[in-house]
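K.L.:
A single structure is presented below for examination.
The values are calculated or read from the model by the stated rules, or taken from the named source; none is laboratory data. Being a predicted model, the structure only gives us computed values, none of them experimental. FYI the Cβ positions are ideal-geometry reconstructions off the backbone, even for glycines, and counts take in every protein chain you see. We work out accessible area using only protein heavy atoms, side chains counted, and drop any ligands, DNA or RNA first. Shrake-Rupley method; radii C 1.70, N 1.55, O 1.52, S 1.80 Å.
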Amino acid sequence: MEQYNIAIDGPSSAGKSTIAKKVAARLGTTYLDTGAMYRALTLSALRKGADLESEPAILAVLDESEIHLTQVEGHQTVFLNDEDVTETIRSTDVTKNVSVVSSHEKVRAEMVRRQQRFAEKGGIVMDGRDIGTVVLPNADLKIYLVASAEERALRRYHESVAKGMTVSLEQLTEDMKARDHYDMNREASPLRKADDAVELDTTHLSIDAVVETVLNLIKK
Ligand code: C5P
């Protein structure tokens, strides 16, 4: 089967991971959630009490942390120094601090190098913020997923409630907007749509409809 490299970018809670996972399953290829790598690094930095604003401090944390992503039956599991942190990296604390940690240029350079190594193994569906622009500039297909801020906040809210987390929709909306603003305005590879990416607005689309649209775009 032909191997495709597919890049999926967009703001938070636009459905990137859900779509990327399903597209990868349909294609029988690997899926890589690059946000999980930055989240695991953030968790490690928080635990070590590192100065999140300091690039040398975060680089040192990256150097001292073993971050591994594996896939078991379509589920991605994230390990930090052999501890399964798949759930822990979704905590409010990590979510609030991940943008600062991922804004450092040298930290990004190392992460990008690791992500590109994943892609060398064959076809991959990768989701993040800089996949189409930096990590996989020659991807066979680039998707930029968007949805209205209201819809994205609601999705995140329902996800959090289903996990038993106590959250307020207002706070969640505010945090989400702040994170997107930070990601779009940082100096090092800010979130933006690659010139050759196809923009898909998922506000009124079901997950299956988006997956089919992406698969049809691959066939073209
Ligand atoms: O996708 P997710 O919401 O888990 O990403 C968490 C954060 O990691 C983003 O808000 C962004 O700051 C950072 N990130 C990034 N580049 C990527 C993936 C994620 O800067 N490729």
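K.L.:
Could you identify the single residue in Ile19, Ile89 that is in a helix (DSSP H, G or I) and either away from the ligand (no atom under 16 Å from the Cβ) or over 18 Å from Leu191 (Cβ atoms) (or both)?
P.N.:
Numbers: Ile19 fails: either away from the ligand (no atom under 16 Å from the Cβ) or over 18 Å from Leu191 (Cβ atoms) (or both).
Just one listed residue meets the conditions, Ile89.
K.L.:
Kindly evaluate Leu32 against the criterion of being buried (at least 20 other Cβ atoms within 10 Å of the Cβ) and more than 16 Å from the ligand (Cβ to nearest atom). Working first, answer last.
P.N.:
On the way: buried (at least 20 other Cβ atoms within 10 Å of the Cβ): yes; more than 16 Å from the ligand (Cβ to nearest atom): no.
Taking the combined requirement at face value, the residue does not satisfy it.
K.L.:
Where the second residue is assigned to a helix (DSSP H, G or I) and of a type outside the set (Lys, Arg) and the first is closer than 14 Å to Ile19 by Cα and lies in region 206-220, which pairs have Cβ atoms under 7 Å and are six or more apart or on separate chains?
P.N.:
Sorted first by the residue in region 206-220, then by its partner, the pairs are Ile207/Thr18; Ile207/Ile19; Val210/Ile19; Val211/Ile19; Val211/Val23; Val214/Ile19; Val214/Val23; Leu215/Val23.
K.L.:
While we're here: Within region 3-15, count every residue that is open to solvent by less than 10 Å² (accessible area, probe 1.4 Å) and either among the basic types (Lys, Arg) or within 16 Å of Glu159 (Cα to Cα) (or both).
P.N.:
2
K.L.:
Name the residues in region 142-156 that are outside any loop (DSSP other than H, G, I, E, B) and either within 11 Å of the ligand (Cβ to nearest atom) or buried (at least 20 other Cβ atoms within 10 Å of the Cβ) (or both), would you? Show your work before the answer.
P.N.:
Restricting attention to region 142-156, the residues satisfying the condition of being outside any loop (DSSP other than H, G, I, E, B) are 142-146, 149-156.
Scanning region 142-156 gives Lys142, Ile143, Tyr144, Leu145, Arg152, Ala153, Arg156.
K.L.:
Can you name the residue in region 118-132 that is crowded, with 21+ Cβ neighbours inside 10 Å and not aliphatic (A, V, I, L, M) and, of all such residues, is farthest from Pro190 (Cα to Cα)?
P.N.:
The extreme case among them is Asp127.
K.L.:
With respect to Thr95, is the statement that it is modelled with pLDDT under 95, within 14 Å of the ligand (Cβ to nearest atom) and surrounded by fewer than 23 Cβ atoms within 10 Å (Cβ to Cβ) true?
P.N.:
Criteria met by Thr95.
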